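Just so it is clear, none of the values below were taken in a lab; they were calculated from the coordinates. Everything numeric here is computed off the predicted structure, so don't read it as measured data. So basically every Cβ, Gly included, is an ideal-geometry build from the backbone, and we count neighbours across all protein chains shown.
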């Protein structure tokens with residue numbers, strides 16, 4: 001039996017958050033212990049796919065953790081950090097779960113994210129798919145499953161975030177629009193309304209003139225602050241109130257809830273009580289392109305599953321930005337709806353949570369129970 005160990009581990013919200021380049025740990029150093037690997041196989045945990053493979057000595061086949069095939073005896077299982085190591089040991093890939101494709105898919109999504117981020121103008125789906133060597137319709141599904149967004153939606157979010165950064169740096173609105181890569185102001189204003197919740201001028205002015213309604217509702221996890229603009233939710237947080245909201249949005253008009261917000265609040269409270277049910281609610285969150293990518297990756301984690309901080313960084317095509325991914329999780333403005341509670345340390349411990357580790361543990365337990 002191979003006994004592998006794995007050290008603790010965790011897109012770019014500020015230059016000083018970028019990790020100092022360092023030698024990457026070997027695949028063997030990153031993988032879980034044998035006991036953790038066996039537990040992942042028993043649970044058919046898709047979250048562990050790509051982290052290691054399991055080989056069956058009685059059949060000579062290796063599989064990914066989520067393989068639906070019948071489980072072998074524990075004494076016939078050994079574990080390797082990747083497919084290459086299993087093949088070097090004389091095993092062959094399972095034809096049912098096709099473990100070799102997992103790494104290729106992750107690499108393809110990462111290459112597409114880098115291509116989109118570097119592009120000066122919008123790229124077609126055909127061009128992106130051709131760059132990574134996939135059929136367009138297949139890659140569209142693969143990209144959305146990995147990031148929570150389609151390639152086109154991800155590109156729009158990046159441009160909107162660049163626009164926000166350009167507006168924050170000063171200068172004219174027109175200059176900011178073209179600096180962000182827009183060919184026409186009309187598209188910039190449309191994207192700003194969709195992604196920023198306000199016009200470019202209002203964004204630069206700190207949201208002045210924007211109305212935010214709020215309500216603090218009771219739940220079994222404690223009081224929940226729910227706040228929204230006419231476009232969508234801007235804040236969901238435990239143990240916060242009106243004063244906290246005013247500190248976050250000093251130039252906005254803060255008003256009590258209306259009927260529309262009452263409906264949203266009831267849905268948020270229901271999500272706290274039964275987080276496994278999931279929810280699709282309107283959002284109006286502000287963040288850098290890196291933060292938006294991390295939050296999209298968090299929304300793509302199914303209820304009842306978890307990811308490590310490294311897996312989140314890998315999912316957005318920034319494998320070295322583990323610390324920055326952790327920081328973006330901590331900056332998440334929408335508790336429950338953007339499920340940062342589903343991210344754990346590499347060793348399986350809870351790590352951090354802005355609203356308390358006890359709540360994080362209780363949310364995960366509720367999701368496991370369904």
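Some observations on this one:
- A straight chain from residue 280 to residue 57 at 0.36 nm per residue would run longer than the Cα-Cα distance by 75.8 nm.
- Residue 243-residue 349 FRET efficiency (beta carbon distance; Förster radius 30 Å; 0.05 resolution): 0.35
- Label sites at residue 118 and residue 104, each approximated as a point 7 angstrom past Cα along Cα to Cβ, lie 2.2 nm apart.
- For the listed peptides 55-68, 325-338, a ranking on the average number of other beta carbons within 10 Å per residue, highest first, reads 325-338, 55-68.
- Peptides ranked, highest mean first, by Cβ atoms within 10 Å: ranges 109-121, 311-323: 311-323, 109-121
- The calculated FRET efficiency for the pair residue 262 and residue 68, based on their C-beta separation and a Förster distance of 41 Å, comes to about 0.40.
- Label-to-label distance, residue 137 versus residue 211, with points set 7 angstrom from Cα along the beta-carbon direction: 4.6 nm.
- Take the Cα of residue 358, step 7 Å toward its Cβ, do the same at residue 253, and the gap between the two points is 4.0 nm.
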